[in-house]
Amino acid sequence: MRSDIVKRLHKNFEDYVHVKDGVEFWFARDLQTLLGYAEWRNFIRVIEKAQESCKNSNHAILDHFVDVNKSIPVPKGGEREIEDIMLTRYACYLVAQNGDPRKEEIAFAQSYFAVQTRKQEIIEEHIQLGERLRARKQLKDSETALSRNIYERGVDDKGFANIRSKGDKALFGGFTTRDMKQKMDVPEKRPLADFLPTVTITAKNLATEITNFNVEKRDLHGEDPITEEHVQNNEDIRELLLKRGIKPETLPPEEDLKKLERRVKLQEDHLAEKSGRISGGSEKRERMEEQDD
């Protein structure tokens, strides 16, 4: 995500923050606009998913999602009341996690609400981390789809491994998967992709997606024709990278994605407590508990 976009979104999100009893919160109606949702009915579904995530994480929903009513002006004068929700930073983070990942506002919000600092450069670093994690997941999904697709076309697990390995050799200019693992000091039993930079993961994913598409479109069967297709796609992607001055076999390894995933999970675990609780929600929860008794 470009720095100018991050700067613009950062200012927008900062403009709508409120503070109550030392706790930062955002109104859901404002967040709806900030995240690029035109219809409240669509956005409320995202909030409901976020509330379910909150519950599944063993945090009280009413500590982080507090229903309120607001008065808004109407075109012909006067006011009318609408429903709204006060959201803690943790609640906003969960909303972003359950939003449409194709929206750049969502990608920004996932990092903006996750970090406990308002510094733009830290948010940009976190966005880059999120992009790498998403790229890895997309590659895993496309490789799973390809494996399932070609299994139905007479290729077993060993054949799939051969196809993927030969695709890597084409992408990395003659270096095999094993060669790249040695160059990058990747443990033998770990996937190479967990240590690749985002651009290379994305390149591998694009080649795999094209292979998947053409296997179905051309109704390819057997290991040899599918291997030829996959190798050609990786060669084409490599040529595009070289034209842009990128030699994938020379790029340095990046931090182990498994470690990054654990760090993100730990960050999520602490975020709820660090976000604080909106007092009105706690009081409402206590009243509901008293009624249950």
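The values are calculated or read from the model by the stated rules, or taken from the named source; none is laboratory data. For clarity, every value in this text was computed on a predicted model and none was experimentally measured. Counting neighbours? That spans all protein chains shown, and the Cβs are built from the backbone with ideal geometry, glycine included.
What are the residues in the stretch 231-254 that are assigned to a loop (DSSP other than H, G, I, E, B) and either in contact (Cβ under 8 Å) with a residue 40 or more places away in the chain or β-branched (V, I, T) (or both), if any? Give the steps one after another, and end with the answer.
Just the residues of the stretch 231-254 that are assigned to a loop (DSSP other than H, G, I, E, B), to begin with: 244-247, 251-254.
I246, K247, L251, P252, P253, E254, listed by residue number.
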Report whether or not R89 is within 21 Å of F27 (Cβ to Cβ), touching a strand residue (DSSP E or B) at 6+ places or on another chain (Cβ under 8 Å) and buried (at least 16 other Cβ atoms within 10 Å of the Cβ).
-> yes
Among S71, S57, the single one that is within 19 Å of the chain's Cα centre (by Cα) and in the same structural domain as Q97 (by TED's automatic domain parsing) is S57
Those residues that are surrounded by 12 or more Cβ atoms within 10 Å (Cβ to Cβ), free of Cβ contacts under 8 Å to residues at least 60 places away in the same chain and within 12 Å of F108 (Cβ to Cβ), I need them from the stretch 9-20; list them, please.
-> N12
Does K166 meet the test of being under 14 Å from L251 (Cβ atoms) and assigned to a helix (DSSP H, G or I)?
-> no
Across the stretch 251-293, which residue is modelled with the lowest pLDDT among those that are farther than 23 Å from L196 by Cβ, among the aliphatic types (A, V, I, L, M) and touching a helix residue (DSSP H, G or I) at 6+ places or on another chain (Cβ under 6 Å)?
-> A272
All conditions in (1) within 14 Å of the chain's Cα centre (by Cα); (2) more than 30 Å from E268 (Cβ to Cβ) are true of G159 except (1)
Report whether or not L271 is touching a residue at least 40 places away in the same chain (Cβ under 8 Å), on the phi < 0 side of the Ramachandran plot and buried (at least 17 other Cβ atoms within 10 Å of the Cβ).
-> yes
Could you please find all residues in the stretch 177-226 being surrounded by 14 or more Cβ atoms within 10 Å (Cβ to Cβ) and in a loop (DSSP other than H, G, I, E, B)?
-> V186, P191, L196, P197, L220, H221
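Just checking, does the stretch 143-166 include any residue being in contact with a Pro (Cβ under 6 Å, 6 or more places away or on another chain) and either modelled with pLDDT of 95 or more or under 25 Å from L241 (Cβ atoms) (or both)? It would help to see each step written out before you state the result.
Start the filter on the stretch 143-166 by keeping residues that are in contact with a Pro (Cβ under 6 Å, 6 or more places away or on another chain), which leaves none.
Looking through the stretch 143-166, none of the residues is in contact with a Pro (Cβ under 6 Å, 6 or more places away or on another chain) and either modelled with pLDDT of 95 or more or under 25 Å from L241 (Cβ atoms) (or both).
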Qualifying helices (runs of 4 or more DSSP H) (wholly inside the stretch 53-157; at least 2 residues being of a type in the set (S, T, N, Q)) = 104-114, 120-151
Considering only the stretch 46-77, state which residues are at pLDDT below 90, surrounded by 11 or more Cβ atoms within 10 Å (Cβ to Cβ) and either under 21 Å from L34 (Cβ atoms) or in contact with a Leu (Cβ under 7 Å, 6 or more places away or on another chain) (or both).
-> K70
Taking the residues in the stretch 21-48 that are in contact (Cβ under 8 Å) with a residue 40 or more places away in the chain and assigned to a helix (DSSP H, G or I) as candidates, determine which candidate is farthest from A135 (Cα to Cα).
-> R29
What number goes with the only condition from (1) in contact with a Phe, Trp or Tyr (Cβ under 9 Å, 6 or more places away or on another chain); (2) touching a residue at least 60 places away in the same chain (Cβ under 8 Å); (3) outside the structural domain of V46 (by TED's automatic domain parsing) that Q138 does not pass?
-> (1)
Looking at (1) modelled with pLDDT of 95 or more; (2) farther than 21 Å from L133 by Cβ, find the lone condition where M184 falls short.
-> (2)
Exception for E121 within (1) of a type in the set (D, E, K, R); (2) over 17 Å from the mean Cα position of the chain (by Cα); (3) under 27 Å from A207 (Cα atoms) falls at (3)
